[in-house]
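J.: Sharing a structure below in structure tokens format, with a few things to ask.
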Amino acid sequence: MNISPALPELLNEEQLDRNFQEIDQLIQGQSDILEMISKGKELPDILVAIVRWAETLSTEGMLASILLTNYNGENLLHGAAPSLDEDYNNAIHGVAIGPNVGSCGTAAFTRQMVIADDIASDPRWADFKDLALQHDLRACWSSPLINKSGTVLGTFAMYYRQPKRPSDHDLRVIRLISSTTVIAIEWTRTRAERIILLENETRAHQKSREEWKRFYRLLMNTPAMVAVLRGPDHVFELANPIYMEAVGPNRELIGKPVREALPEVQGQGFFELLDQVYFNGKPFYGNELLVKLNKTGEAELHESFFNFVYHPIRGENGSVDGIFVHAVDVTELVSARKRAEQSEQRFRSFVLNSPMPIGIYVGREMRIVTANNAILRAWEKDSSVIGKTFREALPELEGQPYNDILEGVYETGIPYNAIEEKVYLMRNGVLSATYWNFTYTPLLNEEGKIYGVMNTAMEVTDLVNAKKQLAAAEETLRSAVEIAELGTWQIQLAEGAVTYSDHIAEWFGLPAEGTVLEEVLDRIDVHHRDAVSKRIREAVDSQGIYEAEYRVRNPYTGKQKILHAKGKVIVDENNISWLNGICRDTTLQRETEQELEKQVEERTAELQKANDELNILNENLKQFVYVASHDLQEPLRKINMFSDMLRNKAGDSLEPQADNYLSKINHAARRMTALIKDLLDFSRADAKDRPVATVSLDTVVKNVIEDYEVMIQQKNAQIEVSPLPEIRAIPLQMNQLFYNLIGNALKFTVDKARPEIRISCRMLEQAEVESFNRLNPSLHYAEIVVSDNGIGFNQKFAEQIFVIFQRLHGKDEYEGTGIGLALCRKITENHNGLIYARGSENQGASFHVVLPIDNLSFTAF
């Protein structure tokens, strides 16, 4: 049976039938709504009918809702949603219009349709999804209701109890229903407005007669000066009590021309103004004009200021037949403004002459209207910056946060206070780090709105630098205390509170946060405890020195120590007494002394035994280094072997760059082999038998430069090397010497400047050799100078930099341990030479190495 050709045709007919049915529903539903509108049905009833009509068009359980905007267009109010839960309708009644306010609030805000096919995951429902899911609402499509003038009237929404996206049919239904809803809202509101207008006109006619009666009472009781002048002579027809009070309560004005009623005003220009208004028919507006009046009937005239209007009064034929006078006495206001101007002038004088930097910036663009001399000096600017924006005046602040902070203060009205904040400013043409305490304070006008920001400041660069130096000194002291393995302690004598360093806490077994004096004394050996307490009392009584030696025991570890403590009584600025001191572990010293006293007769045997054990230990150490060195050489031989195999296998197909890499691998492996051999030789040599050889300093420097190849490329460094001599020296130590010197030159560089390093050499004259006390006059010396253009140093620190662990810069600025230069000095002294440095801050440094070229003997190293 061949029925397949008829099946599509049948399906098309069924689809057409469904489409026709849907169209009939749409047309019939819209007709019903339009009929309700034409019959004048109330808007709530029409909206409910629209919702019911929309819900009949869906076969999937759609629930419809209409929300209407409130009078100011900021919120959505409940319109119609009979199928939604009443609790849900109440919860969203009054919801704000804005971004991410569900589907409806967002649609009204963006004026675009919003499709939330899954409320649980849609970010626009983040604040409302719990409410929706609680009422089993899973999807929501919302369309804004916008009239022809572009006004948002509300939203039409379709809810589903399962996640769902709209089809093309759904979108057509939404558009039809939305446009129908707009018609309903617009028509009912327009009809209501026409009814209200008609009612108002009726009421206006009814009240017109009453208003004429009340007009006189209104003029007489208005809280301003009111008068009516008639004719070209400006005769007073009306003057309310406030007008009479202002010009003098004892005058008779009604029926008199103004020139007769107010004769003292003659010559002040007001009669001429009245004539001008009367004859040209144009009103005159006066603002804060001075009027001198005789209010008391005496000869003295009183000054008053008025804002007033002379307005022409026209008769039935349109010609001017009088003048309406409306005035307000602003004498107090003018006086207050003058006082404010005087106060502002005094404030301005204070700001301009203040030694504290002060600036005032107005408007969103932060335009400088006031900048006193102190802030101009701080900026290193002149008065030409006044009138410019803050960004224009201080371009060096771009990339720093202060422009954004200013804008934030202007936007939020929240002041900003900075304490010791780093600000980069131009100083002598150089962008320099400065430190400030400053405030950004919002300025408010009479209406309470922000119109600008006031900036007050105080430079604390010297204070911050002093704090940094103090912190560095304290860090140096702490390091010294730690290296010396000393403990520090402090007793607040009035309360007996004790604080101490980590060493003390470890020795005594005390809590790290501190304790009381009684607990400290409990840790001291019972045979020494009373003596220690007595020494403390004696020191406090004499305001002098405390010193004691005693044994302590850590109750948790069982370890015992013999400690020597020393301290001094200090009275601080608050008149509080402290006993501050240090503590040194003398356990080994004392126990050694005691042991030597007891076993002096066995000393020789013990020393011999110790020497034998030491020799065995040294021999074992040599064997270990020897084995380790040979084990290290085996991987290097494999590196060489496999790299050669790789080169031979590749043959001519090896790219030049790859061949270069293999050459570097071979070279590095050979150098590593040589270094291991030197290390082996060095470990087997004693103080009388050093591995001394003829060393080419040219080769040493070349190898060091190759070691720093990556850093040199990264910094684009330029290194110039003059010919260097061969000398008798320990090769490994020469490598260490120049490795440290060249490494320092590459490390301590000026930011963004290309490092330039020069290594030169010259022979010293005999007189020069003799001028150095530490040199041997019988030897020939070469001076090798390693100079750079780096950050340099203050010459007063030229000796400090060679002391172990001494650093001129913080750990966060430059890496290093503070050992390198101390090692360089030790190496030169070991070779009967010396090293010294010359430098200037930000001008580079040079290190002068003086070595004998014919060295025959060496000191122990």
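J.: Here is a check on your reading of the model: is residue 671 surrounded by 15 or more Cβ atoms within 10 Å (Cβ to Cβ) and at pLDDT 75 or above?
T.: Criteria not met by residue 671.
J.: In the set 487, 496, 452, 514, which member is modelled with pLDDT under 85, touching a strand residue (DSSP E or B) at 6+ places or on another chain (Cβ under 8 Å), among the small types (Gly, Ala, Ser) and open to solvent by less than 30 Å² (accessible area, probe 1.4 Å)?
T.: Just a single option satisfies the conditions, and that option is 487.
J.: Just name the residue that is farthest from residue 226 (Cα to Cα) out of those in segment 306-364 that are loosely packed, with under 12 Cβ neighbours inside 10 Å and of a type in the set (Asp, Glu).
T.: Top of the filtered list is 344.
J.: Which is modelled with pLDDT under 90 and basic (Lys, Arg), of 391, 367, 377?
T.: On inspection, the qualifying residue turns out to be 377.
J.: In segment 95-112, which residues are touching a residue at least 12 places away in the same chain (Cβ under 8 Å) and open to solvent by less than 40 Å² (accessible area, probe 1.4 Å)?
T.: Within segment 95-112, 95, 97, 101, 102, 103, 104, 105, 106, 107, 108 meet the criteria.
J.: Just to check your reading of the model, which residue among 593, 573 is out of contact with any helix residue (DSSP H, G or I) (no Cβ under 9 Å at 6 or more places or on another chain), assigned to a helix (DSSP H, G or I) and at pLDDT below 80?
T.: From the options 593, 573, the qualifying one is 593.
J.: So if I check each of 472, 433, which one is open to solvent by 20 Å² or more (accessible area, probe 1.4 Å) and touching a residue at least 60 places away in the same chain (Cβ under 8 Å)?
T.: Just one listed residue meets the conditions, 472.
J.: Test of understanding: among 120, 64, 54, which residue is assigned to a strand (DSSP E or B), open to solvent by less than 60 Å² (accessible area, probe 1.4 Å), touching a helix residue (DSSP H, G or I) at 6+ places or on another chain (Cβ under 9 Å) and under 22 Å from residue 163 (Cα atoms)?
T.: Exactly one of 120, 64, 54 is assigned to a strand (DSSP E or B), open to solvent by less than 60 Å² (accessible area, probe 1.4 Å), touching a helix residue (DSSP H, G or I) at 6+ places or on another chain (Cβ under 9 Å) and under 22 Å from residue 163 (Cα atoms), namely 64.
J.: Which residue pairs have Cβ atoms closer than 7 Å, lie 6 or more positions apart in sequence or on different chains, and pair a first residue in segment 702-722 that is at positive phi with a second residue that is among the basic types (Lys, Arg)?
T.: 716/754
J.: Regarding residue 116, is this residue within 38 Å of the chain's Cα centre (by Cα) and in contact (Cβ under 8 Å) with a residue 40 or more places away in the chain?
T.: Details: within 38 Å of the chain's Cα centre (by Cα): yes; in contact (Cβ under 8 Å) with a residue 40 or more places away in the chain: no.
Criteria not met by residue 116.
J.: Sticking with this structure for a sec: I'd like the full set of residues that are open to solvent by 80 Å² or more (accessible area, probe 1.4 Å) and among the basic types (Lys, Arg), limited to segment 411-430. Walk me through how you get there before you give the answer.
T.: Our first condition is that a residue be open to solvent by 80 Å² or more (accessible area, probe 1.4 Å); within segment 411-430, this holds for 411-412, 414, 417, 419, 422, 424, 428, 430.
Across segment 411-430, the qualifying residue is only 422.
J.: Listed residues 281, 318, 255, 267; which is small (Gly, Ala, Ser) and touching a residue at least 24 places away in the same chain (Cβ under 8 Å)?
T.: 281
J.: So how many residues does segment 744-771 have that are farther than 24 Å from residue 707 by Cβ and either open to solvent by less than 60 Å² (accessible area, probe 1.4 Å) or in contact with a helix residue (DSSP H, G or I) (Cβ under 8 Å, 6 or more places away or on another chain) (or both)?
T.: Qualifying residue count, segment 744-771: 3.
J.: Can I ask one more? State whether the residues of segment 701-715 include one that is at pLDDT 80 or above, of a type in the set (Lys, Arg) and in contact with a Leu (Cβ under 9 Å, 6 or more places away or on another chain).
T.: For segment 701-715, residues at pLDDT 80 or above, of a type in the set (Lys, Arg) and in contact with a Leu (Cβ under 9 Å, 6 or more places away or on another chain): present.
J.: Restricting the search to segment 793-805, which residues are in a loop (DSSP other than H, G, I, E, B) and crowded, with 20+ Cβ neighbours inside 10 Å?
T.: The one that is in a loop (DSSP other than H, G, I, E, B) and crowded, with 20+ Cβ neighbours inside 10 Å: 793.
J.: Exactly one of (1) at pLDDT 85 or above; (2) surrounded by 13 or more Cβ atoms within 10 Å (Cβ to Cβ) is unmet by residue 777. Its number?
T.: (2)
J.: Identify the residue in segment 715-731 that is surrounded by 19 or more Cβ atoms within 10 Å (Cβ to Cβ) and of a type outside the set (Val, Ile, Thr) and, among all such residues, is farthest from the chain's Cα centre (by Cα).
T.: 729
J.: Moving to a separate point now. Scanning for something in contact with a Lys or Arg (Cβ under 7 Å, 6 or more places away or on another chain), under 17 Å from residue 508 (Cβ atoms) and surrounded by 13 or more Cβ atoms within 10 Å (Cβ to Cβ), does segment 527-540 turn up at least one residue?
T.: yes
J.: From the residues in segment 148-181 that are in contact with a Leu (Cβ under 8 Å, 6 or more places away or on another chain) and open to solvent by 20 Å² or more (accessible area, probe 1.4 Å), which one is nearest to residue 85 (Cα to Cα)?
T.: Ranking the qualifying residues of segment 148-181, first place goes to 161.
J.: I've got another one for you. For segment 123-147, what are the residues that are part of a strand (DSSP E or B) and buried (at least 20 other Cβ atoms within 10 Å of the Cβ)?
T.: Selection gives 139, 140, 141, 142, 143, 144, 145.
J.: So, in segment 369-410, exactly how many residues are open to solvent by 30 Å² or more (accessible area, probe 1.4 Å) and among the hydroxyl-bearing types (Ser, Thr, Tyr)?
T.: So the answer is 3.
J.: Let me ask another. For segment 280-302, does any single residue satisfy the condition of being modelled with pLDDT of 90 or more, open to solvent by less than 60 Å² (accessible area, probe 1.4 Å) and charged (D, E, K, R)?
T.: No, the conditions are met nowhere in segment 280-302.
J.: While we're here: Out of 115, 92, report the one residue that is open to solvent by 30 Å² or more (accessible area, probe 1.4 Å) and either aliphatic (A, V, I, L, M) or within 21 Å of residue 127 (Cβ to Cβ) (or both). Talk me through it step by step, then tell me what you get.
T.: Numbers: 92 fails: open to solvent by 30 Å² or more (accessible area, probe 1.4 Å).
Unique residue meeting the criteria: 115.
J.: What about residue 504, is it in a helix (DSSP H, G or I) and either without any contact (Cβ under 8 Å) to a residue 40 or more places away in the chain or in contact with a Gly (Cβ under 9 Å, 6 or more places away or on another chain) (or both)?
T.: Yes.
J.: Another question, then. For residue 603, state whether it is at pLDDT below 70 and open to solvent by 80 Å² or more (accessible area, probe 1.4 Å).
T.: When the stated conditions are applied, residue 603 passes them.
The values are calculated or read from the model by the stated rules, or taken from the named source; none is laboratory data. Predicted model, so just to flag it, every value in this text is computed and none were measured. Every residue, glycine among them, receives a Cβ derived from its backbone with ideal geometry; neighbour counts consider all protein chains shown. Quick note on the areas: whole protein, heavy atoms, side chains included, nothing else; ligands and nucleic acids left out. Shrake-Rupley method; radii C 1.70, N 1.55, O 1.52, S 1.80 Å.
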